[in-house]
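The values are calculated or read from the model by the stated rules, or taken from the named source; none is laboratory data. Quick caveat: nothing in here was measured; it's all calculated off a predicted structure. Glycine also receives a Cβ, built like all others from the backbone with ideal geometry; neighbour counts cover every protein chain displayed.
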Ligand SMILES: [Zn+2]
C-alpha cells in the first residue's frame, strides 16, 4: 500500500516588497524579507511533513501565477490556493485559465479585511458559484465576528467545498471561547466545510504562549468538525512571529488522532493530488 502523504495545508511564499504586502506592518518586521521554498523544505521535512499547500497573500493574479510556477519547480508544493477577483464580470475566463494548471486547488480572498457582509454580496457570490465547475475549493479567511456570514455563504452553496482558515481566528490571547465556539459549531454543521487548525499561536501572546493556551481552541475545533475535516497547517512564515516552524507543527501533532493517522484527511495513498485539496464530502442536498 502506498504511504499516506502528510500535508502542511497552509504556507506562504513571497518576495517581499511593502507595496505588494501592505498587511505586513511594523509589528511584523520579521516578515519583511523574502520567504522562498528552499528555506521551508528542510523545516517541513524535519517536522514530518511531505508536502504543502501554498496560499496567496496578496490580491494579484501575478502572485498566483508565480506560486503556480514555484509549484511546477518544487514537487513538495502539492497545490496552490490562489486569488482571482471573484467579483469580476470576467471571472469565468480567469478561473478557466487558472484551473488549467494541475496544481491549482483553491481560491482565497482576504475577506477578514473587508466589510463583514462581503461574503454575501451578489457579485462575490456569482464568482463563488463558478468554482464548483472548475473543482476549486474556497478558503474562508475571516474573523470570529464574520463567521455567521461564512455560515450563510456555505449553506447557499452546498455543493461547493470550503475550507476555513485558522479555525476562524479565535481570541486566544484573551482566552475567550465565546462567541467563537458557538459560531464555529454552527458553521461545522455544514458538511461541505473543512477547517484548518493553523495560525492559533499567532492569535496568542507571541512571547508568552504555551501549548496549553491553544488546547481548548483545538478541542472545540475537533469536536465541531471531527478529525476527518480538520487539516493541519503551520501558516509559515507568519507563524514565526510566535515561534519556530517546528513549534507550529508540533502543536498540530499533539492531537493523538492526527499523530496516528497521518494525512488521513488529505488526499492520501499516493502523491496524486487531483485538485481535491481536501476530501470533503459533497453534500447530497
Ligand atoms: Zn496565512
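Residues in the stretch 184-232 that are in a loop (DSSP other than H, G, I, E, B), more than 16 Å from the chain's Cα centre (by Cα) and either more than 16 Å from the ligand (Cβ to nearest atom) or surrounded by 22 or more Cβ atoms within 10 Å (Cβ to Cβ) (or both): 189, 190, 191, 204, 205, 207, 208, 209, 210, 226.
Put simply, of 130, 125, 160 the only residue that is away from the ligand (no atom under 16 Å from the Cβ), surrounded by 15 or more Cβ atoms within 10 Å (Cβ to Cβ), free of Cβ contacts under 8 Å to residues at least 60 places away in the same chain and assigned to a loop (DSSP other than H, G, I, E, B) is 160. For the stretch 40-63, the set of residues classified as within 16 Å of the ligand (Cβ to nearest atom), assigned to a helix (DSSP H, G or I) and at pLDDT 95 or above consists of 40, 63, listed by residue number. For beta carbons closer than 8 Å, sequence separation of 6+ or different chains, a first residue in the stretch 209-225 that is farther than 18 Å from residue 196 by Cβ and a second that is assigned to a helix (DSSP H, G or I), the qualifying pairs are 209/201. Of the residues that make up the stretch 18-26, is at least one within 14 Å of the ligand (Cβ to nearest atom), loosely packed, with under 13 Cβ neighbours inside 10 Å and in contact (Cβ under 8 Å) with a residue 24 or more places away in the chain? Among the residues of the stretch 18-26, at least one is within 14 Å of the ligand (Cβ to nearest atom), loosely packed, with under 13 Cβ neighbours inside 10 Å and in contact (Cβ under 8 Å) with a residue 24 or more places away in the chain, which makes the answer yes. Per the conditions (1) in contact with a helix residue (DSSP H, G or I) (Cβ under 6 Å, 6 or more places away or on another chain); (2) in a loop (DSSP other than H, G, I, E, B); (3) modelled with pLDDT under 85, the sole criterion not satisfied by residue 257 is (2).
Candidates 49, 13: the one that is surrounded by 20 or more Cβ atoms within 10 Å (Cβ to Cβ) and more than 26 Å from residue 134 (Cα to Cα) is 49. Of the residues screened, residue 105 is not one that is buried (at least 22 other Cβ atoms within 10 Å of the Cβ) and either part of a helix (DSSP H, G or I) or within 15 Å of the ligand (Cβ to nearest atom) (or both). Looking across the stretch 1-10, the residues that are under 19 Å from residue 105 (Cβ atoms) and either within 16 Å of the ligand (Cβ to nearest atom) or exposed (fewer than 13 other Cβ atoms within 10 Å of the Cβ) (or both) come down to 7, 8, 9, 10.
The residues in the stretch 233-252 that are closer than 23 Å to residue 188 by Cβ, assigned to a helix (DSSP H, G or I) and at pLDDT 85 or above can be counted, and the count is 0.
Residues in the stretch 163-183 that are at negative phi and within 16 Å of the ligand (Cβ to nearest atom) were compared, and the one that is surrounded by the fewest Cβ atoms within 10 Å (Cβ to Cβ) is 172.
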